[in-house]
Amino acid sequence: MALLLLIAVLLGFNHWLLEPLVILSSELLELKQLPWLLLAAAAWLLAGPSGDKR
């Protein structure tokens, strides 16, 4: 009985923990944010080095 309860709790916790990760990873793998990421990377490259170096 305890083993059955432990398995049910672990499966519920696994579902609760991994479901948001699956949704997030599918958003990343569909590359919907790719234009924004490219724009941010271009702005970072065009900004040049920081001015703190002497």
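Quick one: in the chain, which of the residues that are among the polar types (S, T, N, Q) and surrounded by 10 or more Cβ atoms within 10 Å (Cβ to Cβ) is modelled with the lowest pLDDT?
Q33
Being in a loop (DSSP other than H, G, I, E, B) and among the charged types (D, E, K, R) is the filter here; which residues of the chain pass it? Spell out the reasoning first.
So the first thing to find is which residues in the chain are in a loop (DSSP other than H, G, I, E, B), and the list is 1, 30-33, 48-54.
Matches in the chain: E30, K32, D52, K53, R54.
The values are calculated or read from the model by the stated rules, or taken from the named source; none is laboratory data. Not measured: the values here are computed from a predicted model. Every residue, glycine as well, gets a Cβ built from its backbone with ideal geometry; the counts of neighbours run over all protein chains shown.
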